[in-house]
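Below is one structure, written out as structure tokens, with a few remarks after it.
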Amino acid sequence: MANALQRIQQLEEENTTLNGRITALCAVISELTHEAQGHNIVMLPAHRTRL
């Protein structure tokens with residue numbers, strides 16, 4: 001029983017961590033989408049290779 005309770009607590013902690021990561025990723029995706037719609041994307045120069 002104690003092992004089961006420890007496992008539940010571990011899973012709850014992992015769930016909290018994953019939910020935080022999902023929230024952060026959603027914020028990044030929303031910001032990138034907003035920038036793309038506003039044409040605010042900075043284009044980097046093409047990478048030139050040396051011969």
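The values are calculated or read from the model by the stated rules, or taken from the named source; none is laboratory data. Since this is a predicted model, take the numbers as computed values, not measurements. Neighbour counts are summed over all protein chains in view; Cβ atoms, including those assigned to glycine, are modelled from backbone coordinates with ideal geometry.
Annotation: of all residues in the chain being at pLDDT below 75 and of a type in the set (A, V, I, L, M, F, W, C), the one that is surrounded by the fewest Cβ atoms within 10 Å (Cβ to Cβ) is 51. Residues in the range 1-49 that are small (Gly, Ala, Ser) and not in a loop (DSSP other than H, G, I, E, B): 2, 4, 20, 24, 27, 30, 36.
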